Structures are given as C-alpha cells and as structure tokens.
Amino acid sequence: MSGGPPRALPSTGPHSLLDMPHPLAGSSSEEAVGGDSTPSPDLLTARSFGDKDLILPNGGTPAGTSSPASSSSLLNRLQLDDDIDGETRDLFVTVDDPKKHVCTMETYITYRITTKSTRVEFDLPEYSVRRRYQDFDWLRNKLEESQPTHLIPPLPEKFVVKGVVDRFSEEFVETRRKALDKFLKRITDHPVLSFNEHFNVFLTAKDLNAYKKQGMALLTRVGESVKHVTGGYKLRSRPLEFAAIGDYLDTFALKLGTIDRIAQRIIKEEIEYLVELREYGPVYSTWSALEGELSEPLEGVSACIGNCSTALEELTDDMTEDFLPVLREYILYSDSMKSVLKKRDQVQAEYEAKLEAVALRKEDRPKVPADVEKCQDRMECFNADLKADMERWQSNKRQDFRQLLMGMADKNIQYYEKCLMAWESIIPLLQEKQEAK
Amino acid sequence: MEQAPPDAPRQLQPAPLEPLGLPDAGLQAAAGEGDEGAREEGPGDGTMTENNFWLKKIEISVSEAEKRTGRNAMNMQETYTAYLIETRSVDHTDGQSVLTDSLWRRYSEFELLRNYLLVYYPHVVVPPLPEKRAEFVWHKLSADNMDPDFVERRRIGLENFLLRVASHPILCRDKIFYLFLTQEGNWKETVNETGFQLKADSRLKALNATFRVKNPDKRFTELKHYSDELQSVISHLLRVRARVADRLYGVYKVHGNYGRVFSEWSAIEKEMGDGLQSAGHHMDVYASSIDDILEDEEHYADQLKEYLFYAEALRAVCRKHELMQYDLEMAAQDLASKKQQCEELATGTVRTFSLKGMTTKLFGQETPEQREARIKVLEEQINEGEQQLKSKNLEGREFVKNAWADIERFKEQKNHDLKEALISYAVMQISMCKKGIQVWTNAKECFSKM
C-alpha cells in the first residue's frame with residue numbers, strides 16, 4: 001500500500017476513525033482510506049468533528065442533568081482531546097440500575113449504561129441509555145466481525161436453564177450486571193476496540209434496534225473480507241510464539257476448569273455443613289429449656305451457633321456470586337481467544353499458499369504480486385494485533401486473578417472473624433457465676 | 001407420700017450404707033478415726049480423707065491399655081484390652097507420691113464393680129462407665145473396639161469413672177471398690193460372694209411398680225421426667241454433632257485440592273507462579289488441620305456422653321423410689337384388708353367378698369372355735385404387718401432423704417462439669433477460628449504477591 005497518508009500501526013493509541021485503515025480492508029490501497037471502514041454516509045455527516053454547531057446525531061440522549069453543549073465547552077473538549085498519553089482516561093462507562101420490563105410477549109431486564117467521555121467521537125460529554133442482554137450480545141458479535149484480529153472480552157453466559165435459575169432474582173441480576181460492566185470496561189480500556197463505531201452507537205444510540213436493522217444492510221467490505229479469509233487453507237505449522245500461546249491457553253483453561261469444579265464442590269460441602277448447623281444450634285435451645293443454672297449458657301451456645309450459621313451462609317453466597325462467575329468468564333475468554341488464534345492461522349496459511357503458488361509460477365519475479373503482498377500485510381497486522389492484545393490480556397489477567405483470589409481469601413477471613421467474635425463474646429457468659437437459685 | 005403415720009421414731013436399718021464383705025482390721029482402725037461428717041469431696045482428682053481405707057490421699061490413674069488374648073468361659077480364644085490401674089499414695093507434707101498398687105483390669109470387671117455398686121447403693125447416682133461400643137460415630141472414626149483412638153478414649157473414660165467413685169463421699173468407702181484397686185487376683189470371686197446379684201431388684205418388678213405406684217414423691221416423678229428429656233436431648237445433640245463433624249471434615253479436605261491445582265497452574269505462569277505455588281501450600285496446611293480439630297472435639301462429645309449415661313443412673317434412683325413406694329402401698333393395702341377381715345369376723349358382718357365367706361355359705365357356718373382361731377391368726381398378722389409398715393415407711397423416708405441429698409450433690413456436679421465442657425468447647429471453636437484466619441491471611445499474602 002504505497003499511497004495514502006503515513007500511518008502508524010493500527011494498534012497503538014487512540015486515533016480518529018477516519019485516519020485508520022482497516023487491517024483487512026479490501027483489495028486496493030486507494031480504498032483503504034476513508035470509505036470502507038466508516039459507517040454509512042448518513043451517520044458520518046451527522047457528526048460534527050469540532051467547530052460546527054452541535055447537531056445531535058440520530059440517537060444520543062443527553063444525560064438529564066447536563067446542559068446543552070455550547071461552543072466553549074466543545075473547545076474545552078478539544079483541548080483535552082489533544083492528550084494522546086495512554087494513561088489519561090477519556091472514556092468512562094458504567095452499567096447499573098437493572099430494571100424489569102413486563103411486556104405482553106416477554107419479560108426482560110434492562111440495564112442503564114452511563115458514558116462519560118471527552119473524546120471527539122462523542123458529541124455529548126455524557127450519555128445514558130438502557131440496554132438489554134441481547135444488545136450486548138449483538139455488540140459482541142459486531143466486534144468480533146469488525147475486529148477479528150483482536151481479542152474480544154467474553155459475555156456472561158447467555159442461556160440459563162429456566163426453572164433451575166431464577167433469571168429475575170436479585171442475585172442473578174446483580175451477578176450479570178457486574179459481568180456486563182466488566183465487559184464494557186474491558187472494551188473501554190482497549191485502545192482499538194474502544195473506538196469501534198458499533199461500540200460508540202451501543203453507548204449512545206437512543207434506538208439501537210433501528211441501527212441494528214440498518215447494520216444488516218451494510219454488511220461492509222470488512223465483513224466480506226473476513227469471510228474471504230476463512231477459506232479452507234491448512235496451516236503447516238504455527239510459529240513458535242503462537243504455538244506457545246495456544247498451549248498456554250489450553251492448559252490455562254484446563255486448570256481454571258479444575259478450580260471451578262473445586263470451588264463448586266467446596267460451596268456444596270459448605271451448604272451441607274450449613275444444613276447440619278441449622279439443626280445443631282436449636283438442640284442447645286431445647287436443652288436449655290430443661291435446665292436451671294445451665295439455661296443461659298446453653299441458650300448462649302445456641303445463639304452463637306446461629307451466628308456462625310449466618311456467617312457461613314454469607315460466605316457461600318459471596319463465593320457463588322463473586323467468585324464462580326469470574327472463573328467462568330475467563331474460561332469463555334480463553335475459548336474465544338483460541339478461535340482468534342485459529343483465524344490467525346488461516347490468514348497465515350492463505351499467505352503461505354499464495355506465496356508458494358507464486359514461487360512455482362516463476363513469471364512475476366522479481367516483483368511480488370500485489371495480492372500476495374496484501375496477504376503478507378494482513379498476516380503481519382494480525383500477528384501484531386494479537387501479540388499486543390495477548391500482552392495486555394496477560395497483564396489484566398494477572399490483576400484480575402490477584403484480585404479474585406485475594407477476594408476469596410478475604411471472604412474466608414471475614415467468615416472466621418465473625419465466628420471468632422461470636423465465640424469470644426460468649427465465654428464471659430459461660431464463666432459467669434450464677435446466684436444460688 | 002406419707003401413708004400410715006409412724007408410731008415412735010424407730011431407728012431402723014435403712015439400705016446398707018456400709019460396705020459389706022470381709023472385715024479388715026485396717027478398716028476398723030481407719031473408720032474409727034475422725035468424724036462421720038468430715039467427708040472431703042475432691043474435684044474429681046481422687047483426693048480423699050483418712051476416713052476410709054485410705055490412710056493418705058491417693059491418686060488413681062488408668063495409665064495404659066494393652067491388647068491381650070486369652071480363653072473365655074467357653075474356652076474359646078478371644079482378644080480383649082486390659083487396662084493398667086495405678087494407685088499412688090500422696091504424702092501430705094511434701095506432696096511426693098509413691099506407687100502403692102498397680103494391677104490390670106478389663107472392661108468387664110469395671111462393669112461388675114458398677115453393677116455391684118448399683119445394687120448396694122440404690123440411693124446414689126452411680127457414675128457411669130464409658131460406652132461399651134462406639135456410638136455416634138462420624139465417618140472417619142472407627143466403630144471398632146480395637147481401634148487405638150477408641151481404646152485411648154476409653155482409657156480416659158475408665159480413669160474418669162474411678163475418680164468419680166473415689167471422690168464420692170459414700171462410694172469411696174466401699175470395700176469392694178478398695179479391693180478393685182488393690183487386689184488383682186480373686187477379686188471377681190469376692191464380689192460374687194457378696195451375693196449382690198440375688199439382691200438386685202428384678203426388672204419386671206421395677207417395671208410393674210412404675211406403672212402401678214399411686215403416690216410417689218413428686219420430686220422423683222419430675223426428676224424421672226427430666227432424666228428422660230435429658231437423655232433424649234443429649235442423644236439428639238450427639239447425633240447432629242457427629243453429622244456436623246462429618247461435613248466440616250469434607251469442607252476442609254476439598255480445599256486440599258487447591259494445593260495441587262495451584263501447583264500445576266503455577267508451572268505455566270511466569271510472574272504469578274511463585275504466589276500461586278506458596279498459596280497452594282497453605283491450602284494443604286488448611287486441609288490437614290481438621291484432623292486435630294475434630295480429635296479435640298471428640299473429648300467434648302465424651303463429656304456429653306458421660307452425662308447422657310448419668311441420666312440413666314438418675315432414672316435408676318427414681319425407679320428404686322417407685323419400687324419402695326409401691327412396696328409400701330401394697331403393704332398398707334394388705335394391712336388394711338386384713339384389718340377389715342378381722343373386723344368382719346369379730347362382728348359377724350360380711351361386707352366384702354371372701355372365699356371363706358363363700359364356702360361358709362355353701363358348706364355351712366364355721367364353729368365359734370374355728371372363728372376364734374382365725375381371728376387370732378389375723379391379729380398376729382396385723383401386728384406383724386404394722387411393724388413391717390412402720391419399718392418400710394422409715395426405710396422409704398430414709399431413702400428419700402439420702403437419695404435427694406445425693407441428687408442435689410449430683411446437680412451441682414453436673415452444672416459445674418457441663419459449664420466447663422461448654423467453655424472448653426467454645427475455646428476449641430475459638431482456636432479453630434484463629435487457625436483459619438491465620439491460614440487464609442497467609443494465603444492472601446501469597447496471592448497479593450502474584
């Protein structure tokens with residue numbers, strides 16, 4: 001791709017969408033800039049990048065409390081936007097406020113997505129929209145389609161067996177909310193994914209369904225080229241570093257699976273222990289009713305065991321709600337990462353096949369034909385994206401697991417501290433000398 | 001409870017308080033010293049006064065258990081455990097102890113001793129023996145009598161039994177008990193010679209009395225009710241506790257699996273590896289800590305079991321009262337009917353049905369001489385009956401007084417012991433919680449270094 005403006009590697013730093021050609025963009029370099037990688041013209045012109053009067057794009061509900069943007073505030077936003085330092089955050093997304101919607105056809109939950117940003121890609125400093133799970137699912141699919149060289153974070157599990165799990169229980173909804181929040185935050189932290197147009201629309205559009213329908217029609221060249229790549233090319237051998245990643249992910253997923261099973265088993269045993277404790281405590285009460293001098297001490301022991309039971313219940317609830325879902329997320333994550341690895345293999349295989357074909361033909365020497373070069377670029381971009389994402393993923397994983405396991409240790413410490421307090425407080429009661437009856 | 005009012009207070013022999021068996025010069029000398037009232041109750045450590053066979057304070061311990069094989073009554077080989085009982089005499093002045101007696105006994109001999117005590121001291125709440133077979137086990141504990149843990153806990157239980165008997169103001173003066181500790185050979189024969197088995201009340205008789213007694217002392221009725229409830233609630237408690245122990249064991253042991261998987265996982269990690277590995281080690285420590293914790297808890301269960309069995313001893317005293325009371329009621333009833341018969345014969349009126357009356361009607365009136373003879377016999381019987389009633393009354397009252405005194409003593413002991421048991425249980429729980437906090441804090445630190 002000789003023409004066009006000089007470009008940095010796609011995976012570094014925030015860039016305006018217009019500048020960034022898509023790594024898997026179509027066959028000619030001329031088309032690389034502008035056209036293909038951007039959404040429909042309608043949406044484009046609706047955006048005013050900078051100095052025009054504010055035109056609300058067909059979407060975007062401004063947050064209730066913020067005043068309509070004026071030129072001066074727009075200027076402020078521009079100045080902040082100059083800062084390309086990766087450490088400065090200019091996009092904040094939160095998922096909260098789950099609400100149940102009862103319609104004739106179905107009942108479902110929506111979550112409020114609040115976005116605060118100084119980025120130019122956002123017309124308003126703040127947005128607040130409501131989305132349901134299937135919207136998140138849509139977003140993820142779109143991201144996978146449009147950014148196939150990147151690792152897309154996982155969503156919490158889609159299907160729950162009705163009747164076994166209550167989809168509308170507080171615990172389930174809260175667990176899901178946290179996972180959806182994590183999902184969006186991971187995208188937000190990603191230097192490429194956070195600039196994805198679908199992500200932007202997801203955060204800002206008032207009527208997402210309208211956009212979704214539109215999106216069907218404009219299956220972009222991007223989508224085409226992705227399909228194009230998944231032809232039946234067979235890779236001879238994975239380069240060492242990617243083979244290592246593949247092996248790592250295999251073992252990692254295996255170990256996580258084991259940990260998940262162990263954690264589930266522990267919770268199960270703890271629940272059974274809890275059942276017995278709930279019978280055990282009250283027997284001391286029954287005994288207490290028979291006795292005179294021993295009545296208070298026995299009643300005290302009964303209450304103590306009751307407190308320990310409550311503490312144990314809190315522990316098992318916490319572990320179920322906070323620990324297990326995160327483990328499962330990472331298992332899903334590594335699964336989707338493995339498929340990205342496979343796609344990469346495909347890209348490499350195509351390149352190698354084409355290269356071989358050329359080598360056999362001998363006509364086009366010394367110049368390597370354009371399409372083989374394109375394949376090579378495609379592969380190198382993919383490799384670069386993937387490596388960068390892997391590094392980021394490893395670092396995040398380390399943080400996440402440190403936090404997760406410390407959290408598990410904390411919950412257990414708190415459980416024992418509650419029990420300790422209960423037992424220590426009854427010692428004086430037990431030692432008390434009672435007045436002669 | 002009062003039936004016939006006593007005539008003059010007669011000091012009649014109540015149920016034997018003094019030990020039966022071979023007289024002993026030492027016994028008489030020792031018994032002569034001091035006064036009856038100065039009985040010292042040890043806090044379970046077997047210290048006693050000089051009022052008995054024991055001229056000095058003594059310490060008793062069941063120090064060893066040994067597997068033995070021998071031939072039983074049917075000349076078949078059997079394996080059993082023998083326990084070494086050591087008695088030490090303690091010098092007042094310098095507290096030094098000297099081994100005075102040491103002999104081996106097996107569980108069946110303990111049982112024999114206890115059965116003897118039950119017969120000769122029915123007004124005493126006789127301390128119970130540790131269980132014959134392991135009950136209320138949770139899965140890890142063996143129900144096998146030969147299991148070393150079971151044997152060890154039984155050893156402690158037997159020692160506790162001896163200490164309880166030795167610190168009981170009445171039981172400690174028993175001769176057979178003394179011989180149990182001092183005379184290895186021939187002891188069984190000595191016990192059997194007392195003929196105590198013959199003196200035992202039959203079960204049937206006792207059961208009969210329980211159902212038919214009309215006016216037992218209310219306190220005993222309440223006590224019997226209490227001991228039934230106590231037995232029921234402690235059984236329930238022990239059963240659930242065993243299940244709780246079982247579940248707790250499961251929780252701890254599964255955590256051990258974390259140790260292995262963290263270790264395997266650490267192998268593929270670069271920076272996270274060390275933290276994971278060392279955390280895994282702490283999980284192993286956590287998992288193995290439960291064994292000692294539950295072993296300690298077994299001692300608590302044993303303390304509860306002792307009082308579970310004590311409930312049975314309480315009931316035995318109540319039953320004895322019911323039996324005596326029933327006996328008394330029957331004697332009074334018998335006396336009343338004889339008096340009535342006499343009166344009828346004297347006055348010639350027949351108010352009650354009697355076989356004699358029937359035959360008289362059928363075969364003709366009896367002669368005045370015959371009637372006189374019968375009246376005389378009846379009068380003699382009535383006299384005897386009145387004497388017996390008086391003595392039974394006194395016996396009954398003595399029994400109630402003595403039994404109730406021992407029951408009060410028992411209640412104090414029970415409240416004290418069970419409070420101590422609850423405290424030690426709470427202390428065990430506290431220790432377990434502290435260990436848990438320690439392990440998880442260590443693990444957390446390892447995780448933080450990941």
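Derivation of every value follows stated rules applied to the coordinates shown; laboratory data play no part. Everything numeric here is computed off the predicted structure, so don't read it as measured data. Quick reminder, even Gly has a Cβ in these numbers, built from the backbone with ideal geometry, and neighbours come from all protein chains shown.
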*Where in the range A:97-111 does the label zone of A:Gln134 land, with the point 7 angstrom along Cα→C-beta and an amide N cut-off under 13 Å?*
A:103-110
*Going out from 0 in 5 Å bins, what whole percent of all Cα-Cα distances in the range B:206-298 drops into each bin?*
3, 11, 12, 11, 9, 8, 7, 6, 6, 5, 5, 4, 4, 3, 3, 2, 1, 0
*Taking a label point 7 Å from the Cα of B:Glu64 along the Cα→Cβ vector, which residues of the range B:94-138 have an amide N closer than 14 Å to it?*
B:102-105
*If the viscosity is 1.002 mPa s and the temperature 20 °C, what translational diffusion coefficient in µm²/s does Stokes-Einstein give for the range B:71-230 when Rh comes from Kirkwood over Cα pairs?*
115 µm²/s
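Order these by the 10 Å Cβ neighbour count, fewest first: A:Val102, A:Val120, B:Val165.
A:Val102, A:Val120, B:Val165
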*Using the 2.2 N^0.38 Å rule of thumb for compact globular proteins, work out how the range B:223-358 stacks up: its C-alpha Rg over that value, please.*
2.45
*Arrange the following residues from fewest to most other Cβ atoms within 10 Å of their Cβ: A:Asp371, B:Asp228.*
A:Asp371, B:Asp228
*By how many nm would the segment from B:Ala73 to B:Glu372 grow when fully extended, if each residue of separation counts as 0.36 nm and the alpha-carbon distance is taken off?*
101.7 nm
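Between B:Leu84 and B:His281, what FRET efficiency comes out of the Förster formula 1/(1 + (r/R0)^6) with R0 = 51 Å and r the beta carbon distance, rounded to 0.05?
0.75
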*Using a Förster distance of 25 angstrom, determine the FRET efficiency expected from the C-beta separation of A:Ala244 and A:Ser336, and round it to 0.05.*
0.85
*Can you give the relative contact order of the range B:240-358 as a percent, counting alpha carbon pairs under 8 Å and 6+ residues apart?*
19 percent
_Kirkwood Rh in Å, taken over all unlike Cα pairs in the range A:290-437_ = 21.6 Å
*For the range B:86-120 and the range B:230-256, write down the distance between their C-alpha centroids in whole Å.*
35 Å
*asked:* How much length would be gained if the chain were fully extended between B:Lys199 and B:Asp91, taking 0.36 nm per residue of separation minus their Cα-Cα distance, in nm to one decimal?
replied: 34.9 nm
_Relative contact order computed over the range B:125-283 (Cα-Cα under 8 Å; 6+ residues apart), in percent_ = 18 percent
_Per-residue ³J(HN,Hα) for the range A:277-282, Karplus 6.51 cos²θ - 1.76 cosθ + 1.60, θ = phi - 60°, Hz, x for Gly and Pro_ = 4, 5, 8, 5, x, x
*When Cβ neighbours within 10 Å are restricted to other protein chains, what is their mean count per residue of peptide B:415-426?*
5
*Hey, with R₀ at 51 Å, roughly what FRET efficiency would B:Arg260 and A:Glu296 work out to, going by the Cβ-Cβ distance, to 0.05?*
0.65
*Report, by chain and number, residues whose modeled amide H sits under 5 Å from the one on B:Arg106, excluding near sequence neighbours (fewer than 5 apart, same chain).*
B:Tyr83
*According to a simple spin-label model (label point 7 Å from Cα along Cα-to-Cβ), what is the distance in nm between A:Glu373 and A:Ser425?*
7.8 nm
_Residue by residue through the range A:284-292, what is 3J(HN,Hα) from phi via Karplus (6.51 cos²θ - 1.76 cosθ + 1.60, θ = phi - 60°)? Round to whole Hz and write x for glycine and proline._
4, 5, 4, 5, 4, 5, 7, 9, x
*asked:* Check which residues have an amide H placed less than 5 Å from B:Asp144's amide H, if you skip close sequence neighbours.
replied: none
*asked:* Please compute the average number of Cβ atoms from other chains found within 10 Å of each residue's Cβ in peptide A:391-402.
replied: 2
*asked:* Spelling out what I want: for every residue of the range A:116-121, take phi, set θ = phi - 60°, compute 6.51 cos²θ - 1.76 cosθ + 1.60 (Karplus), and round to whole Hz; glycine and proline get x.
replied: 10, 8, 9, 5, 5, 5
*asked:* Please compute the average number of Cβ atoms from other chains found within 10 Å of each residue's Cβ in peptide A:408-414.
replied: 6
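Between B:Lys449 and B:Met358, 0.36 nm times their residue separation minus their Cα-Cα distance comes to what?
Extra length from B:Lys449 to B:Met358 when fully extended: 22.2 nm.
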*Any idea how far apart A:Lys234 and B:Thr182 come out in nm if each label point goes 7 Å out from Cα toward Cβ?*
9.9 nm
